[in-house]
Amino acid sequence: MVAVSQSAGRGLLTAGLDVGTTSVKAVAVDGEGRVVARSRRPSRLVVGPGRFEHDALSTWWQAPRLVLADVAAAAGASGAGELASVAVSAMMPSVGAVDAAGRPTGPGLLYGDGRGVPAGGGRPGGGDPTASDEMARLAGWVAADAPGADGYWPAQGVANASLGGRGVIDLASAFAAGPLYDGSGWSGDVCASAGLSVAQLPAVAVFGEQVGQVAPDVLGGVAGVRREVALAAGSVDGLCEQLVAGAVEDGDVLVMLGSTLVVWLCVPGWPSVRPGLWRVPHLVGGKAMVGGASNAGGMWVDWADRVLRPSAGSGPEGASPEASWPDARGDGNLRPGGVPVWWPWAKGERVPWHDPALRVSLAGADLSQGPEALRRAALEATGFVVRNICEQAAASGTPVKRYIVTGGGTANVAWLHALADVLGAPVLPLAVREGAALGAAYLARMALGLERSMDDAVRWVRWSRPVEPDPGWSCAVDERYHLWLAGLPAVPAPTGPEG
């Protein structure tokens with residue numbers, strides 16, 4: 001799927017790619033962050049008992065080439081400008097075996113795959129991605145399954161090798177690999193314990209650093225492309241999304257509605273946090289983000305939709321949280337009090353439990369309710385997770401002031417309405433759904449020397465009109481939230497350093 005805007009004048013363009021769970025996306029943008037072309041290709045995702053993986057050859061190697069060529073050709077044909085640089089964003093952790101060229105030779109294991117979970121369950125470090133050994137466990141499984149491979153790389157490293165011939169990931173993605181990266185480089189001891197060597201992991205660069213050039217065969221013959229297109233180090237998807245979201249004030253909440261739900265409260269300093277929550281540095285100095293990731297995102301919403309309407313799809317391949325359901329709140333057959341309650345754990349839960357064994361539960365359903373009530377309940381469940389994470393994060397001393405929503409789920413109007421109703425406050429959607437790709441495109445400008453600081457990305461922030469809560473739903477939704485809270489399991493005691 002390719003779309004082109006005619007609104008931006010001719011000039012220097014950069015592209016950002018996002019290798020996501022359910023799709024690989026690309027945008028081409030001008031110097032003010034206006035999208036002039038976009039493309040999306042579905043990821044090939046395999047989900048089964050204990051399995052959560054990509055067809056890495058298709059999704060990590062081939063799709064980045066295709067979406068980049070799509071936006072370069074579309075932008076060139078429209079006269080929007082000349083493509084000069086590109087950067088890749090991707091989720092973490094992920095890992096697959098690669099050959100000497102960086103081409104995958106097997107599946108790409110993803111975060112949450114059962115092969116990255118300790119035998120006793122749970123996640124060391126309270127689930128903090130910089131403390132968890134999930135990446136090392138996944139890499140160890142791949143190394144045992146494909147011994148002697150030339151490398152064991154995350155998705156970003158494979159995509160960069162496909163585009164420019166060099167396997168490289170950025171510094172933030174390396175830190176997200178947990179103990180495998182010790183702050184100064186790959187840890188020889190941790191690598192050895194996982195059954196691989198430092199030489200089998202990709203190079204590490206600072207985001208925004210030029211790491212090569214796009215290979216001629218990727219964009220060969222495409223009009224409107226420089227002879228030499230720079231390849232920049234992008235970053236982990238969450239950082240790229242944060243870069244252009246505008247959640248910079250104390251009390252701002254960034255809600256990322258992607259395949260995974262991610263919730264961050266912006267706080268001053270480096271406060272203590274509740275067990276099970278994550279705490280990471282903010283891009284703005286002197287601030288932190290408290291919250292973390294949940295499985296109650298687009299994968300959950302898509303699963304609920306397929307269960308309630310099997311003809312909508314036969315499986316997770318190509319699933320997308322961008323599908324926009326009718327606004328169930330406006331359905332004449334739906335009453336505010338006629339909605340059941342879901343606990344949205346179709347694939348376990350992350351923050352704050354970090355328990356892959358948790359499963360879906362439903363309460364309050366009866367024969368008077370149809371699919372529209374169950375769909376609305378599925379969307380409210382995401383809101384319950386957001387509200388709960390925010391309430392726990394606010395215990396650090398910073399009250400919530402506003403909610404900023406990003407990701408493909410912003411196209412789902414019913415989802416935004418449900419969030420606003422549960423939170424009892426307006427939600428402010430980012431105008432560009434491909435936030436991670438947009439942030440990567442900004443980093444691509446840094447490689448050209450066109451931007452000197454990530455702080456300046458604030459000028460790219462554009463929001464759509466706020467979605468307001470409906471007062472007629474507030475009481476019923478609040479009652480359901482407290483019923484949901486009463487059904488939650490206890491949060492286990494931390495098993496490692498505080499996150």
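The values are calculated or read from the model by the stated rules, or taken from the named source; none is laboratory data. Just so it is clear, the model here is predicted, and its values are computed rather than measured. Using ideal geometry, Cβ is built from the backbone for each residue, glycine included, and neighbour counts are taken over all protein chains shown.
Would you check which residues across segment 199-211 are in contact with a helix residue (DSSP H, G or I) (Cβ under 6 Å, 6 or more places away or on another chain) and within 17 Å of residue 155 (Cβ to Cβ) and list them?
Filtering segment 199-211 down to residues in contact with a helix residue (DSSP H, G or I) (Cβ under 6 Å, 6 or more places away or on another chain) leaves 202, 204, 206-208, 210.
Correct list: 202, 204, 207.
Has segment 285-308 got any residue that is outside the structural domain of residue 394 (by TED's automatic domain parsing), modelled with pLDDT under 95, in contact with a helix residue (DSSP H, G or I) (Cβ under 7 Å, 6 or more places away or on another chain) and surrounded by fewer than 17 Cβ atoms within 10 Å (Cβ to Cβ)? Even if it seems obvious, please write down each step before you answer.
Going through segment 285-308, the residues outside the structural domain of residue 394 (by TED's automatic domain parsing) turn out to be none.
No, segment 285-308 contains no residue that is outside the structural domain of residue 394 (by TED's automatic domain parsing), modelled with pLDDT under 95, in contact with a helix residue (DSSP H, G or I) (Cβ under 7 Å, 6 or more places away or on another chain) and surrounded by fewer than 17 Cβ atoms within 10 Å (Cβ to Cβ).
Taking the condition surrounded by fewer than 19 Cβ atoms within 10 Å (Cβ to Cβ) and assigned by TED's automatic domain parsing to the domain that holds residue 279, does residue 387 pass? Break it down stepwise before answering.
On the way: surrounded by fewer than 19 Cβ atoms within 10 Å (Cβ to Cβ): no; assigned by TED's automatic domain parsing to the domain that holds residue 279: yes.
Considered against the rule, which asks whether it is surrounded by fewer than 19 Cβ atoms within 10 Å (Cβ to Cβ) and assigned by TED's automatic domain parsing to the domain that holds residue 279, residue 387 comes out as no.
Would you check if there is a residue in segment 271-285 being charged (D, E, K, R) and in contact (Cβ under 8 Å) with a residue 40 or more places away in the chain? I'd like the intermediate steps shown before the answer.
Just the residues of segment 271-285 that are charged (D, E, K, R), to begin with: 274, 279.
After this cut, where a residue has to be in contact (Cβ under 8 Å) with a residue 40 or more places away in the chain as well, the list is 274, 279.
For segment 271-285, residues charged (D, E, K, R) and in contact (Cβ under 8 Å) with a residue 40 or more places away in the chain: present.
Go through segment 348-377 and report how many residues are among the hydrophobic types (A, V, I, L, M, F, W, C), within 20 Å of the chain's Cα centre (by Cα) and either in a helix (DSSP H, G or I) or under 18 Å from residue 256 (Cβ atoms) (or both). Explain how you work it out, then say what you get.
To start, the set of residues in segment 348-377 that are among the hydrophobic types (A, V, I, L, M, F, W, C) comprises 351, 353, 357-358, 360, 362-363, 365, 367, 373-374, 377.
So of that shortlist, the ones also within 20 Å of the chain's Cα centre (by Cα) come out as 351, 353.
Subset that is either in a helix (DSSP H, G or I) or under 18 Å from residue 256 (Cβ atoms) (or both): 351.
Qualifying residue count for the region: 1.
From (1) under 24 Å from residue 244 (Cα atoms); (2) at pLDDT 95 or above, pick out the condition that doesn't hold for residue 59.
Residue 59 satisfies every listed condition except (1).
Out of (1) surrounded by fewer than 24 Cβ atoms within 10 Å (Cβ to Cβ); (2) in a helix (DSSP H, G or I); (3) polar (S, T, N, Q), the odd one out for residue 162 is which?
Going through (1) surrounded by fewer than 24 Cβ atoms within 10 Å (Cβ to Cβ); (2) in a helix (DSSP H, G or I); (3) polar (S, T, N, Q) one by one, residue 162 breaks only (1).
Being out of contact with any helix residue (DSSP H, G or I) (no Cβ under 6 Å at 6 or more places or on another chain) and modelled with pLDDT of 95 or more: is that true of residue 323 here?
No, not satisfied.
What residue, among those in segment 228-265 that are in contact with a Ser or Thr (Cβ under 7 Å, 6 or more places away or on another chain) and surrounded by fewer than 24 Cβ atoms within 10 Å (Cβ to Cβ), is nearest to residue 156 (Cα to Cα)?
Looking at residues that are in contact with a Ser or Thr (Cβ under 7 Å, 6 or more places away or on another chain) and surrounded by fewer than 24 Cβ atoms within 10 Å (Cβ to Cβ), I get 230.
Looking at 244, 225, 236, 267, can you tell me which residue is in contact (Cβ under 8 Å) with a residue 60 or more places away in the chain, of a type in the set (A, V, I, L, M), on the phi < 0 side of the Ramachandran plot and out of contact with any helix residue (DSSP H, G or I) (no Cβ under 7 Å at 6 or more places or on another chain)? I'd like the intermediate steps shown before the answer.
Values: 244 fails: out of contact with any helix residue (DSSP H, G or I) (no Cβ under 7 Å at 6 or more places or on another chain); 225 fails: out of contact with any helix residue (DSSP H, G or I) (no Cβ under 7 Å at 6 or more places or on another chain); 236 fails: out of contact with any helix residue (DSSP H, G or I) (no Cβ under 7 Å at 6 or more places or on another chain).
From the options 244, 225, 236, 267, the qualifying one is 267.
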